[in-house]
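Heads up, the thing below is written out as structure tokens.
The values are calculated or read from the model by the stated rules, or taken from the named source; none is laboratory data. Not measured: the values here are computed from a predicted model. No Cβ is skipped: glycine too gets one built from the backbone with ideal geometry, and neighbour counts run over all protein chains shown. Please note that ligands, DNA and RNA were not included when accessible areas were found on the heavy atoms of the full protein model with its side chains. Shrake-Rupley method; radii C 1.70, N 1.55, O 1.52, S 1.80 Å.
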Amino acid sequence: MGQEITDVLGRIDADAFARLVQAFDDPDRRWFFSGQGRSGLVAQMGAMRFMHLGRMVHFVGEASAPSIRKGDALLIVSGSGETPVSTGFARIAKAEGAKVVTLTHKPAGTLAGIADVTLHVPVGESKQFGGSLFEQSCLILLDSVVLGLAKQIPEAHKLMLQRHTNLQ
């Protein structure tokens, strides 16, 4: 498993990854995360990590999530890039004037065609069950973005612990 993940991450386009990181430059932007199935679980974990950085983050479909608006951004994790719910959310976000970012295995898919920023996660054959390699790689990539952002925040780990445990 480790070698498969290393191989995928080694094939990530550095410029495309830099565009993904740059999409998170504005600390005041509201972010919405989405994905279906296991990709949705990865999106939820990513959203939590960004929340721990102090970002305004929502998961699409949660009862407390507001409507997406102009100036917001939507990150969708979708291996196929064709999931009807995900492409529908992307179209709604674009119509509202929000930025759309996607991590996908299909860089020429419908979702990538809608997105402002696409990170192709180049998974291939895998010995793992189902789409595990894609999901594991996406989580590591999102964690890498969070780590880079955290390095720019003095005492980021301490602040995260305060947010997580409500110890002020």
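I'd like the full set of residues that are within 12 Å of residue 34 (Cα to Cα), open to solvent by 10 Å² or more (accessible area, probe 1.4 Å) and not small (Gly, Ala, Ser), limited to region 88-109. Hit for region 88-109 is 89, nothing else.
Looking only at residues of region 16-59 that are open to solvent by less than 50 Å² (accessible area, probe 1.4 Å), among the aliphatic types (A, V, I, L, M) and within 15 Å of residue 103 (Cα to Cα), we find that the one that is nearest to the chain's Cα centre (by Cα) is 43.
Restricting attention to region 110-135, the residues being farther than 30 Å from residue 28 by Cβ and surrounded by 21 or more Cβ atoms within 10 Å (Cβ to Cβ) number 3.
Residues in region 128-168 that are under 28 Å from residue 107 (Cβ atoms) and among the charged types (D, E, K, R) were compared, and the one that is nearest to the chain's Cα centre (by Cα) is 143. Scanning region 149-168 for residues that are in contact (Cβ under 8 Å) with a residue 60 or more places away in the chain and either under 18 Å from residue 25 (Cβ atoms) or surrounded by fewer than 10 Cβ atoms within 10 Å (Cβ to Cβ) (or both) yields 149, 150, 153, 156.
Considering only residues that are basic (Lys, Arg) and modelled with pLDDT of 95 or more, look in region 28-50 and name the one that is nearest to residue 68 (Cα to Cα). Applying the filter and picking the extreme gives 30. Looking at region 60-82 only, could you name the residues that are surrounded by fewer than 18 Cβ atoms within 10 Å (Cβ to Cβ) and in contact with a helix residue (DSSP H, G or I) (Cβ under 7 Å, 6 or more places away or on another chain)? Selection gives 82 alone.
When region 58-80 is filtered for residues that are outside any strand (DSSP E or B) and free of Cβ contacts under 8 Å to residues at least 40 places away in the same chain, the ones remaining, listed by number, are 60, 61, 62, 63, 64, 65, 66, 67, 68, 69, 70, 80.
Given the options 133, 74, name the one that is of a type outside the set (Lys, Arg) and touching a strand residue (DSSP E or B) at 6+ places or on another chain (Cβ under 8 Å). After applying the criteria, what remains is 74. In the list 125, 62, 82, which residue meets the criterion of being over 17 Å from the mean Cα position of the chain (by Cα) and charged (D, E, K, R)? Exactly one residue qualifies, and that residue is 125. Among the conditions (1) part of a loop (DSSP other than H, G, I, E, B); (2) open to solvent by less than 40 Å² (accessible area, probe 1.4 Å); (3) out of contact with any strand residue (DSSP E or B) (no Cβ under 8 Å at 6 or more places or on another chain), residue 146 misses just one, which is (1). Report yes if some residue within region 73-82 is on the phi > 0 side of the Ramachandran plot, small (Gly, Ala, Ser) and at pLDDT 95 or above; otherwise report no. Within region 73-82, one or more residues are on the phi > 0 side of the Ramachandran plot, small (Gly, Ala, Ser) and at pLDDT 95 or above. For region 92-111, does any single residue satisfy the condition of being aliphatic (A, V, I, L, M) and assigned to a loop (DSSP other than H, G, I, E, B)? Yes, the conditions are met somewhere in region 92-111. Would you say residue 85 is open to solvent by 10 Å² or more (accessible area, probe 1.4 Å) and in contact with a His (Cβ under 9 Å, 6 or more places away or on another chain)? Here the answer is no, as residue 85 does not meet what is asked.
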